[in-house]
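Single-structure report; data block below.
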Amino acid sequence: MKGTGPTIRDPRSTIRKIRSGDVRALARALTEVENGGAAAAELLRGMFPFSGQAWRVGITGAPGAGKSSLVDRLAAELRREGKTVGIIGVDPTSPYSGGAILGDRIRMQSHASDPGIFIRSMATRGFLGGVARATADVALVLDAAGREVVLVETVGVGQDEVDVVKLADVVAVLLVPGMGDDVQALKAGILEIADVLVINKSDREGADRLEQELRAMLEIAHRPDGWAPPIVRTVATEGAGVAELLAALRTCRFPGRAVSNWKARLLEMLRERLMERALQTGLSNGELEAVAAEVAERKRDPYRFVEEVVERACR
């Protein structure tokens, strides 16, 4: 929960340690960023000038598509090239208790002893969108810490996965033969964010049919930027097709994406800050519940109430 855990007393010292390669300082900083607060804000301000160098790759798709296995193999391939890697794995949690729905997962154990790979597992804490609210900030810190590639693996919750595009330079969408992914993808619109389409577990029956359907769909569904996502087949558990996927991802160049990503991020930051300001200026849970009761009984105008809160927060 926000505000819990240790607070970093000297953000500047922490930043120096992170920049010098101190992994423990990096882990503490990421915990601070997830918790939020003044120390987190100071850390992010201090790290921001060092960011902007990492290649951010989003890996998304339906549950069971093999995202973790593919991220594991991509990390191994990047390490063979000598690249340093940061991995963010977003785990689903209950919106009520905050507990992990799937329980704690131990990710990519084969990389645990590799100093060139830093793995951070995050909880959504009930937020939709497939990525935790602090994921963009965590990615920024990993970037500023010198990680050359940041892989972001999202929860896998259907159409809400589209939020990953707001922080990634390139997005791979995984589909699996025989799981109904083709129909689900068409309904959810998740393919609209795909820069590369990945048919994982392509050794299964139905892979040819799925690829044919995807190609047929791409012929009639054109993206505004004119990009036609390549289709790559992989069997992540065996490492098959991973090098080809990495090559396909590298062909993706979207010059305006950084600007659009920051525009979306700035709007999100403004919304969060205005909400915090509204709460700080006296909008308690008790008042909100009382007003909600009045609105439900049509005794209060909800639109005027919101205007009053905004006016009070902006004074």
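Quick notes on this one:
- In the range 180-205, residue nearest to the chain's Cα centre (by Cα) [restricted to those that are in a helix (DSSP H, G or I) and at pLDDT 75 or above]: ILE193
- Failed condition for TRP227, given (1) hydrophobic (A, V, I, L, M, F, W, C); (2) assigned to a helix (DSSP H, G or I); (3) free of Cβ contacts under 8 Å to residues at least 60 places away in the same chain: (2)
- Residue in the range 162-179 that is within 25 Å of ARG19 (Cβ to Cβ) and either aliphatic (A, V, I, L, M) or modelled with pLDDT under 80 (or both) present: yes
- Looking only at residues of the range 275-286 that are part of a helix (DSSP H, G or I) and more than 23 Å from VAL164 (Cα to Cα), we find that the one that is farthest from the chain's Cα centre (by Cα) is GLY286.
- Residues that are of a type in the set (D, E, K, R) and in contact (Cβ under 8 Å) with a residue 40 or more places away in the chain, drawn from the range 192-213: ASP195, LYS201
- Annotation: of all residues in the range 20-53 being touching a Gly at 6+ places or on another chain (Cβ under 7 Å) and closer than 21 Å to ILE87 by Cβ, the one that is modelled with the lowest pLDDT is ASN35.
- Every pair of residues 6+ apart whose Cβ atoms lie under 8 Å, when the first sits in the range 67-79 and is free of Cβ contacts under 8 Å to residues at least 40 places away in the same chain and in the same structural domain as ILE119 (by TED's automatic domain parsing) while the second is charged (D, E, K, R) and in a helix (DSSP H, G or I): none
- Beta carbons closer than 7 Å, at least 6 apart along the sequence or on distinct chains, pair a first residue in the range 299-311 that is within 17 Å of LEU274 (Cβ to Cβ) and free of Cβ contacts under 8 Å to residues at least 60 places away in the same chain with a second that is among the small types (Gly, Ala, Ser) and in a helix (DSSP H, G or I) for VAL309/ALA278.
- Exclusive hit being under 30 Å from ALA54 (Cα atoms), of a type in the set (A, V, I, L, M, F, W, C) and part of a helix (DSSP H, G or I), set VAL309, VAL259, VAL232: VAL259
- Residue check for ARG73: of a type in the set (D, E, K, R) and either at pLDDT 90 or above or out of contact with any Ser or Thr (no Cβ under 6 Å at 6 or more places or on another chain) (or both): yes
- Those residues of the range 242-271 which are of a type in the set (Gly, Ala, Ser) and within 21 Å of ALA76 (Cβ to Cβ), in sequence order: ALA243, ALA247, ALA248
- Pair list, Cβ < 8 Å and 6+ apart or interchain, from the range 19-45 residues that are within 22 Å of PRO115 (Cβ to Cβ) to residues that are surrounded by fewer than 16 Cβ atoms within 10 Å (Cβ to Cβ): VAL23/PRO115; ARG28/PRO6; THR31/GLY5; THR31/PRO6; GLU32/GLY5; GLU32/PRO6; GLU32/THR7
- Qualifying residue in the range 100-119 (condition: at pLDDT below 95, surrounded by 20 or more Cβ atoms within 10 Å (Cβ to Cβ), of a type in the set (Lys, Arg) and touching a strand residue (DSSP E or B) at 6+ places or on another chain (Cβ under 9 Å)): no
The values are calculated or read from the model by the stated rules, or taken from the named source; none is laboratory data. What you see is a predicted model; the values in this text were computed from it and never measured. No Cβ is skipped: glycine too gets one built from the backbone with ideal geometry, and neighbour counts run over all protein chains shown.
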